[in-house]
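Data first, discussion second: the structure below is written as structure tokens.
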Amino acid sequence: MGYAGPGDTLGVLLSGLQRLEYRGYDSAGVAVISDDGELQVRKRAGKLNVLVDDLHRHPLKAGHTGLGHTRWATHGGPTDENAHPHVGDHGRLAVIHNGIIENYAELKAELLDEGFSFTSETDTEVAAVLIGREYERLHDLEAAFRASVRRFEGAFTLLAVHQDEPGVVVGARRNSPLVIGRGKGENFLASDVAAFVAHTTHALAIGQDQMVVLTADSIAVTTFDGEPVEPEAFEVEWDASAAEKGGWSSFMAKEISEEPEAVADTLRGRLRDGKVCFPGLALPDSALAAVDRVLILACGTASYAGMTASYALERWVGVPVDVQLSHEFRYRDPVIGPRTLVVAVSQSGETMDTLMATRYAQQQGAPVLAVCNTQGATIAREADGVLYTHAGPEVAVASTKAYSAQVAALYLLGLYLGQLRETLSDAERTDAVAELEALPDRIQGALHASEGIPQMAHWMADTRAVLFLGRNVLYPVALEGALKLKELAYIHAEGFAAGELKHGPIALIDPGLPVFVLMPSPRRSAELHAKVLSNIQEIRARGARVIAVAEVGDTAVLPYADDVITVPLTSPLFSPFLSVVPLQIFAMELSTAKGLDVDQPRNLAKSVTVE
Ligand code: M6R
């Protein structure tokens, strides 16, 4: 984050960093140019509160220009030395950086040859020293910065300040996010609008390979070559309170509770007279009607949202629907073309793997539709069309409401394509729309029905492994349940298609091993229900402890399950919205029972902006 203005610079930076901390939290630092012209840098390994405590004990002098950073380590471990900002020009210039400067080793060798020295293992310090060297030569921050960024390869967002130019913050971006917040007599730079939304909702997007020179009352954006650019302005819809914990024990608890609203907001304005409408979708209907394949690209939870929706999409649209992990997709010489609709799903809209996959797909001539939650994000801006989920800011690292909103948006897309291609009967469309409209209340019901889960999680606090089983549309939900448990409770967890167990993984079953089984509806999916009951018997025979997630009234499962968590009735394709809720709550409660940080699990960052 960068700031220039008359406000309490350190306060602005620290509150902004608090909202950005989900992006990385292994160390944090600030640089403030004091009013008497001294560059003050303070940085500490550990979470932001370590830095905040240090600043309370040893305050900085007031100033009106500054930078702040939270780090997720790439080059060099999370130490004070490796934390940002890094300095150049004999401690007179400070630099913060997201991304990876891929040619840093070559630049470092050049600088070492010239007699410069380094105190950290980071690529960022190389940038700071190089910009510092250019400043010594040019005595102009903008010129020194421009000369340097043109030499960097890879992905980066870089911000810099120099004590000889108080009031000025320079920034640049390539393949990594950076947004401007335009205030009244103060301006902001940040990798996400969340950092400044408490001060202003007026934002400007900075494009690829562009840089900005910002003061309290001026903003100048140019290309790396110096061509002036008119940045695209947008209004931030989120209000500051949406990213506050507001009395909840964790952001995750708050965000799970917001799932009904997130789905309702994603549907809002897109269902009219029993049909789906997408006002303002830049992709023309003719191109959408002509698709002969849908390919969903995403990572992590977003990929499970894609997998979940692929069952409905294939059925409604009548074309093959594939889901690929973005980072695998690019390196397999994929066969795609102008009639493949590529759907890039990303909550943040900044996941580098998905961004790169999206660009690759566009180069192959495929139309790309982004499903994103964050306004103005890079993937949303670069795609040919964007369908925003309106889940509001998701702060906890583990994705919850974003998953439900992504599945809802993809279902809308499936219905829309089905309408255009006339592959969906009126009756099926009407039923599906009614099911979608009923979802917020039903998800609320699933939240109420999950009240016994904290107790269950408590007795499982010492569990070393958990399995999740599902079939058909509930299979991706099993994968998602396992991912939640891995990332939040550091427990080995695996999700399996229930029918696959007998082909090998059943060997994992030890007596007492907890296995969550996601039950299909006995009324509407009787055949599958019977199959899953057989799968349960196979694992119980080997000593598994079965926790069934079943629709209310499913008495057939009772004799086979040690515990049953009920969810409201819905039609089978819509059951993931309900079954996922207890799994999210279970992972959160188990993390809490183990005394772990629910919102910021170890080793992770929410937005993964490196490949
Ligand atoms: O921002 P994105 O949706 O592109 O993020 C993709 C994944 O990194 C993300 O879903 C991740 O798997 C979640 N933190 C898991 O809870």
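The values are calculated or read from the model by the stated rules, or taken from the named source; none is laboratory data. Note that this is a predicted model, so its numbers are computed, not measured. Every residue, glycine among them, receives a Cβ derived from its backbone with ideal geometry; neighbour counts consider all protein chains shown. For the accessible areas, the whole protein counts, side chains as well, though only heavy atoms, and no ligand, DNA or RNA atoms are used. Shrake-Rupley method; radii C 1.70, N 1.55, O 1.52, S 1.80 Å.
Positive end of the dipole of the chain (Cβ unit charges, origin at the Cα centre): among Val546, Ala530, Asn103, the Cα lying farthest that way belongs to Ala530.
When the expected Rg is taken as 2.2 N^0.38 Å, what fraction or multiple of it is the alpha-carbon Rg of segment 31-121? Can you show the working numbers first?
Details: Rg = 14.3 Å, N = 91, 2.2 N^0.38 = 12.2 Å.
Against the empirical 2.2 N^0.38 Å value, I get 1.17 for segment 31-121.
Note on segment 262-314 and segment 355-393: Cα centroid distance 12 Å, given to the nearest whole angstrom. Among the GluC sites (Glu not before Pro) in segment 348-439, those located in a DSSP loop and surrounded by at most 16 other Cβ atoms within 10 Å of their own Cβ are Glu422. With the convex hull constructed from alpha-carbon coordinates only, segment 453-593 shows a mean projected area of 7.2 nm² over all directions. For segment 453-593, a crude dipole built from +1 on the beta carbon of Lys and Arg and -1 on the beta carbon of Asp and Glu, taken about the Cα centre, is about 220 debye to the nearest 20.
Across all directions, the average flat footprint of the convex hull enclosing the Cα atoms of the chain is 27.5 nm².
Working value for segment 246-443: equivalent-ellipsoid semi-axes of 25, 22, 13 Å, each the square root of 5 times a Cα gyration tensor eigenvalue, largest first. Across the chain, C-alpha contacts under 8 Å between residues 6 or more apart give a mean separation that, scaled by the residue count, equals a relative contact order of 12 percent.
Taking a straight Cα-Cα cut-off under 13 Å and skipping sequence neighbours fewer than 8 places away in the same chain, the aspartates and glutamates within cross-link reach of Lys184 are Asp217.
Only the Cβ atoms of Lys and Arg (+1) and of Asp and Glu (-1) were treated as charged; on that basis the dipole of the chain about its Cα centre amounts to roughly 1400 debye. Can you give me the angle between helix 352-363 and the longest principal axis of the chain, using Cα atoms only, in degrees from 0 to 90, rounded to the nearest 10? It is inclined by approximately 80 degrees. Solvent-accessible area assigned to carbon and sulfur over segment 190-235 amounts to 49 percent, based on a 1.4 Å probe.
With contacts taken as Cα pairs under 8 Å at a separation of at least 6 residues, segment 407-543 carries a relative contact order of 20 percent.
Too long at a 29 Å Cα-Cα cut-off: which of Lys43/Lys606; Lys401/Lys594; Lys245/Lys275; Lys43/Lys245; Lys245/Lys594?
Values: Lys43/Lys606 21 Å; Lys401/Lys594 23 Å; Lys245/Lys275 36 Å; Lys43/Lys245 26 Å; Lys245/Lys594 21 Å.
Check vs 29 Å cut-off fails for Lys245/Lys275.
Solvent-accessible area assigned to carbon and sulfur over segment 246-443 amounts to 47 percent, based on a 1.4 Å probe.
Distance from the C-alpha centroid of segment 496-570 to that of segment 1-78: 50 Å, rounded to the whole angstrom. First select every other residue whose beta carbon is under 12 angstrom from the beta carbon of Phe516; then total the charges, Lys and Arg +1, Asp and Glu -1. That sum, taken over residues with Cβ under 12 Å, equals -2.
On the basis of the beta-carbon distance and an R0 of 45 Å, Glu437 and Ala541 show a calculated FRET efficiency of 0.60.
Applying both filters, DSSP loop and at most 16 other Cβ atoms within 10 Å, to the GluC sites (Glu not before Pro) of segment 107-155 gives Glu114, Glu121, Glu153. Accessible area per residue for the chain, computed on protein heavy atoms with a 1.4 Å probe, is 37 Å². In terms of Cα atoms, the Rg and Dmax of segment 2-242 work out to 16.2, 51 Å.
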